[in-house]
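To start, the structure itself, in structure tokens.
The values are calculated or read from the model by the stated rules, or taken from the named source; none is laboratory data. Not measured: the values here are computed from a predicted model. Backbone-built Cβ (ideal geometry, glycine too); neighbour counts: all protein chains shown.
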Amino acid sequence: MIPTLMRRHKGRIIILLLVLAAFLVSPAFAGTRYFEGSPNLTAYVSGANQFAPGSSIQIPVVIKNTGINTYYEVASNIVDRADVPTTAKFVTVAMGAGNAPVVIKTDPQMIGDIASQDQQTATFSATVNADAAGGTYTLPLNITYQQFSHVDQYGMDTFQYYYVPMNVTLTVPLVIKSEVIPEVISATSDNLVAGADGYVNLTIKNIGSFDGTKATVQIVQNDDSPVSPVDSNVYIGDFPAGSTVSCQYKVAVADTAQNKTYPVDVVVNYQNDEGDMVPSQSQTVGIDVGNKVNFAIQISPIEMSPGSKHTIQIEYQNTGDTMVYSAQARISVAAPFTSSSDVAYLGDLAPGQTAVATYQISVASDATLKEYGLDSEIRYNNAIGDTYVSDPMKVTIDVQNLTGLEGIISNPVYLSLIAAVIIGIIYAIIHTRKKH
């Protein structure tokens, strides 16, 4: 029965045996031995690769292994190796600055193994120099790794692998944008003091590599600086690389400012190659500010009696750090005082200089006996012709009933009576002489 069945299905049985034999000798059940091949590493910057001068940047570098195994053997008596010659083992990547105007801040990085047709990314932090010229630069990329060499087999399951150290230096491009970069060559301020307006003079150079057009130089208040612009923009037109311009700005200084240097930011707005108006990187410059204009008064104690008139003299001193021009002093009188001359011209006063003002003051006859305080102030011009008024200064007058000769002299009623008596005596003497 069985031989009969075998003869009937002889063809099918032969085919089945051939298939089984093919499976028994198939490479799927065999190992691979590689005779040659090595890693082939390439590198490029991932994403945007254009950076501005003065910026802090991240440079993502992709390292790819394109090595291919071209000569190998597959056999049933070969055990697969754990590593192959085309794998880069224990890869370390270090980036240098080369000739690029950048500072690389990241230390060498270990990125592990890179098998054939695989890739890894290493990101490096860097800073572009503030005065970097635009252009394309190359950054050296030093890559060290271990490459599989060969393996020794001891028995059926013991292997010893051997590796060789490898080192390769690649380069990646870095593009720095061409920009206008302002540098303040000089900054001066003429008689700029707290609580007043004044002018700031700037000389600015384009140290960038781009020729700006339709350029405007702008000053901006720096955070909480007491120096703020009144006129903030100066149009300069073309601003070629390497050129220098001078600009003047009117600024205001807060009353709280002290005798010190305060920051002001400078920005150039210009038209780029695409026709867009763009701002340059900001530059900060120091502006010298003097103390607020102040005055002090010197005056002897003033005592008056009700109904009297007194000529007083007040010495005013410029105690500030700057010259004042066309100064006028004024004393403010109120009841029970009156004055026929309450304004006095002092002229120009340099720092530390003094001037004397004279006033005629009268006190009402019904004035209360006490000490009074009158305000005095100075109206003046600064160096640019703006008018200011000083803080008020106090003039103290003590109204009391004066006795003795001082009381008689200071009282106009007594003075009138004395004058009448003197005139009468003179008249009597003259009349008597005429009779004789």
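Could you list, ordered by first residue, the pairs with Cβ atoms under 6 Å in which the first is in region 277-295 and under 17 Å from Ile219 (Cα atoms) and the second is assigned to a strand (DSSP E or B) and small (Gly, Ala, Ser), at least 6 apart or interchain?
Val285/Ala187; Ile287/Ser189; Asp288/Ser189
Could you please find all residues in region 367-391 being hydroxyl-bearing (Ser, Thr, Tyr) and in contact (Cβ under 8 Å) with a residue 12 or more places away in the chain?
The first filter runs over region 367-391 and keeps only residues hydroxyl-bearing (Ser, Thr, Tyr), leaving 368, 372, 376, 380, 387-388, 390.
Once the filter is applied, which keeps residues that are hydroxyl-bearing (Ser, Thr, Tyr) and in contact (Cβ under 8 Å) with a residue 12 or more places away in the chain, region 367-391 yields Thr368, Tyr372, Ser376, Tyr380, Tyr388, Ser390.
Any residue in region 54-65 that's more than 15 Å from Ala97 (Cβ to Cβ): show its pairings with residues that are of a type in the set (Phe, Trp, Tyr) at Cβ separation under 6 Å, as long as the two are six or more apart or on different chains.
These pairs meet every condition: Val62/Tyr44.
Checking Gly290 against (1) touching a Gly at 6+ places or on another chain (Cβ under 9 Å); (2) modelled with pLDDT of 95 or more, only one condition comes out false. Which one?
For Gly290, the exception is condition (2).
Please specify each residue of region 329-355 satisfying the condition of being of a type in the set (A, V, I, L, M), part of a strand (DSSP E or B) and loosely packed, with under 13 Cβ neighbours inside 10 Å. Don't jump to the end; show me each part of the working.
Just the residues of region 329-355 that are of a type in the set (A, V, I, L, M), to begin with: 329, 331, 333-335, 343-344, 346, 349-350, 355.
Next, only the ones that are part of a strand (DSSP E or B) stay: 329, 331, 343-344, 346, 349, 355.
Within region 329-355, Val343 is the sole residue that qualifies.
Within region 89-96, identify whether any single residue is outside any loop (DSSP other than H, G, I, E, B), at pLDDT 90 or above and loosely packed, with under 12 Cβ neighbours inside 10 Å, and answer yes or no.
Residues of region 89-96 outside any loop (DSSP other than H, G, I, E, B): 89-95.
Then drop every residue that is not at pLDDT 90 or above, which leaves 89-95.
Now restrict to residues that are loosely packed, with under 12 Cβ neighbours inside 10 Å: none.
So far as region 89-96 goes, no, none of its residues is outside any loop (DSSP other than H, G, I, E, B), at pLDDT 90 or above and loosely packed, with under 12 Cβ neighbours inside 10 Å.
So the check is Cβ under 9 Å with 6+ separation or different chains; which pairs have a first residue in region 99-127 that's under 22 Å from Asn167 (Cβ atoms) and a second one that's among the acidic types (Asp, Glu) and in a strand (DSSP E or B)?
Every condition considered, the pairs that remain are Gln120/Asp113.
Would you point out which residue out of Ala257, Ala187, Ala241, Ala215 is over 30 Å from Gln58 (Cα atoms), aliphatic (A, V, I, L, M) and part of a loop (DSSP other than H, G, I, E, B)? Explain how you work it out, then say what you get.
Working: Ala187 fails: part of a loop (DSSP other than H, G, I, E, B); Ala241 fails: over 30 Å from Gln58 (Cα atoms); Ala215 fails: part of a loop (DSSP other than H, G, I, E, B).
Sole residue among the options that is over 30 Å from Gln58 (Cα atoms), aliphatic (A, V, I, L, M) and part of a loop (DSSP other than H, G, I, E, B): Ala257.
What about Ala252, is it part of a loop (DSSP other than H, G, I, E, B) and either aliphatic (A, V, I, L, M) or in contact with a helix residue (DSSP H, G or I) (Cβ under 8 Å, 6 or more places away or on another chain) (or both)? Reasoning before the result, please.
On the way: part of a loop (DSSP other than H, G, I, E, B): no; either aliphatic (A, V, I, L, M) or in contact with a helix residue (DSSP H, G or I) (Cβ under 8 Å, 6 or more places away or on another chain) (or both): yes.
Answer is no for this residue.
Report the residue count in region 265-276 for those that are more than 28 Å from Asp223 (Cβ to Cβ) and of a type in the set (A, V, I, L, M).
0
Can we say Ser225 is of a type outside the set (Val, Ile, Thr), under 19 Å from Asn201 (Cα atoms), outside the structural domain of Met323 (by TED's automatic domain parsing) and in a loop (DSSP other than H, G, I, E, B)?
Values: of a type outside the set (Val, Ile, Thr): yes; under 19 Å from Asn201 (Cα atoms): yes; outside the structural domain of Met323 (by TED's automatic domain parsing): yes; in a loop (DSSP other than H, G, I, E, B): yes.
Against the criterion (of a type outside the set (Val, Ile, Thr), under 19 Å from Asn201 (Cα atoms), outside the structural domain of Met323 (by TED's automatic domain parsing) and in a loop (DSSP other than H, G, I, E, B)), Ser225 qualifies.
For (1) more than 28 Å from Gly208 (Cβ to Cβ); (2) surrounded by 15 or more Cβ atoms within 10 Å (Cβ to Cβ), each residue gets a yes or a no:
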{"position": "Asp83", "(1), (2)": "yes, yes"}
{"position": "Gly98", "(1), (2)": "no, yes"}
{"position": "Lys105", "(1), (2)": "no, no"}
{"position": "Ile111", "(1), (2)": "yes, yes"}
{"position": "Ala133", "(1), (2)": "no, yes"}
{"position": "Ile143", "(1), (2)": "yes, yes"}
